[in-house]
Amino acid sequence: MPKNPFIKWFIKHKAFLSQPQASMFWDERIIGLDLQESIVQSKKAQALYGYIESKIAHDYAKLIDFKLKEAFSCLDYSDFDDPSGFATDKKASFAVKNFFKVRQSVEFFIKEDISQHSDRNAQRSAFHRWIMIAQILFKRHCYEGAMLVICLLQVESSINRSKELPSVFQENYHYLCELISVVDNHKILRDKIAAERRPGDFIPVFLLIKDLASLNEVIGSQRKLQKASEFQANQKEELLESIIKFIVLCNQHRKENNLPSYLEANYQRAEAKHEASLDHEADAFVDRVEKDKTLPNLYSDGLLPLFWQRGCSEDLYWRKLLDVPPSPKLS
């Protein structure tokens with residue numbers, strides 16, 4: 001039987017990783033000084049800590065990827081041939097409205113995962129993890145999901161990024177923000193997608209709609225002037241063809257894969273809460289954030305920083321954590 005209190009605690013409570021709201025249970029427990037001290041005392045406990053963080057991060061990345069693809073699979077050619085439904089609710093088809101509904105439920109899930117905690121240390125723990133989740137989504141080429149996460153983290157005001165994030169998280173966060181920069185029509189992101197293109201890339205929907213709307217505008221103007229628009233028309237058809245191919249892939253993914261029941265329960269809970277509080281969600285989120293502006297002490301009061309005094313620098317420790325360690329042996 002392990003002597004380390006943290007490992008003992010995990011053996012007793014490890015079922016939480018396959019239950020709904022695992023992150024809430026974990027974030028509220030990990031801020032306890034008893035667990036922090038026991039993690040400091042054991043490299044095996046540190047490896048276990050990294051495993052738990054990466055397990056939750058990969059689970060939530062899977063949830064986002066699955067739900068967005070599931071909703072996208074319901075769209076069809078007509079939704080993109082005339083993409084005005086993505087900009088105007090009155091022109092939106094049921095499938096487009098459903099896609100936005102799913103997207104908003106995912107947004108609610110992300111926001112609440114951070115803001116549901118009254119303790120800033122727990123908020124910070126969740127914020128760290130969502131940076132990891134965005135990285136995982138980028139690696140999976142789910143650009144739609146990665147952009148959704150980073151855009152929400154950019155407006156999350158409860159975390160002082162320059163003072164509360166370890167340096168490697170600051171570095172990764174700023175890199176991700178640069179990737180989604182709007183400069184030169186999102187050139188950095190477009191170049192990355194083009195350089196790493198592969199079947200199944202989930203291109204951000206707003207980029208697809210922006211490109212289609214621009215092509216429609218050019219084609220419409222040329223027709224009014226009775227000029228040839230064959231080049232732009234061919235560009236549009238090629239883009240539409242690639243979208244339809246991805247819709248087919250999303251349908252196959254939905255039929256061949258299932259979301260674990262505990263992740264489905266997380267989504268259903270977020271969807272129900274989002275619908276119930278749709279009119280008040282934004283104000284409630286701000287109120288929760290404003291409750292406590294004191295800086296957290298997690299990783300700053302001689303507890304977890306002792307990791308770095310045991311032959312592992314702060315930067316190296318967090319880089320190791322982000323390498324997604326396998327489940328350590330606990331005996």
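In this simple spin-label model, placing a label point 7 Å from the Cα along the Cα-to-Cβ direction at both Ala195 and Ile11 gives a separation of 4.7 nm.
Neighbours of His253, meaning other residues whose beta-carbon lies under 14 angstrom from its beta-carbon, give a summed charge of +2 when Lys and Arg score +1 and Asp and Glu score -1. Within region 3-44, which residues have the backbone N less than 17 Å from the label spot 7 Å out from Ser118 along Cα→beta-carbon, could you tell me? Under cut-off, by backbone N: 24-25, 27-32. Shown for Leu179, Leu63, Leu48: other C-beta atoms within 10 Å of each C-beta, ranked fewest to most, produce the order Leu179, Leu63, Leu48.
Where the alpha-carbon atoms of region 95-162 are placed on the principal axes, they occupy 39, 24, 15 Å, in descending order.
When you filter the GluC sites (Glu not before Pro) in region 165-215 for DSSP loop state and at most 12 other Cβ atoms inside 10 Å of their Cβ, you are left with Glu196. Among Cys177, Cys142, a tally of other beta-carbon atoms within 10 Å of each Cβ gives an order, fewest to most, of Cys177, Cys142. A crude spin-label estimate for the pair Ala95 and Asp81, with each label 7 Å from Cα along the Cβ direction, gives 1.2 nm. Remark: region 28-67 carries a charge dipole of roughly 180 debye about the Cα centre, counting +1 on each Lys and Arg Cβ and -1 on each Asp and Glu Cβ. In this structure, the residue pairs whose Cα-Cα separation is over 32 Å, taken from Lys187/Lys245; Lys12/Lys97; Lys187/Lys273; Lys97/Lys139; Lys8/Lys139, are Lys12/Lys97; Lys187/Lys273; Lys8/Lys139. Stretching Asn4 away from Val155 to a fully extended chain increases their span by 50.5 nm, per 0.36 nm per residue minus the current alpha-carbon distance.
We did not get these values from a lab; they are worked out from the coordinates using the rules stated. The shown structure was predicted, so the numbers you read here are calculated from the model rather than taken from an experiment. Here Cβ is always computed from backbone atoms with ideal geometry, including for glycine, and neighbour counts include all displayed protein chains.
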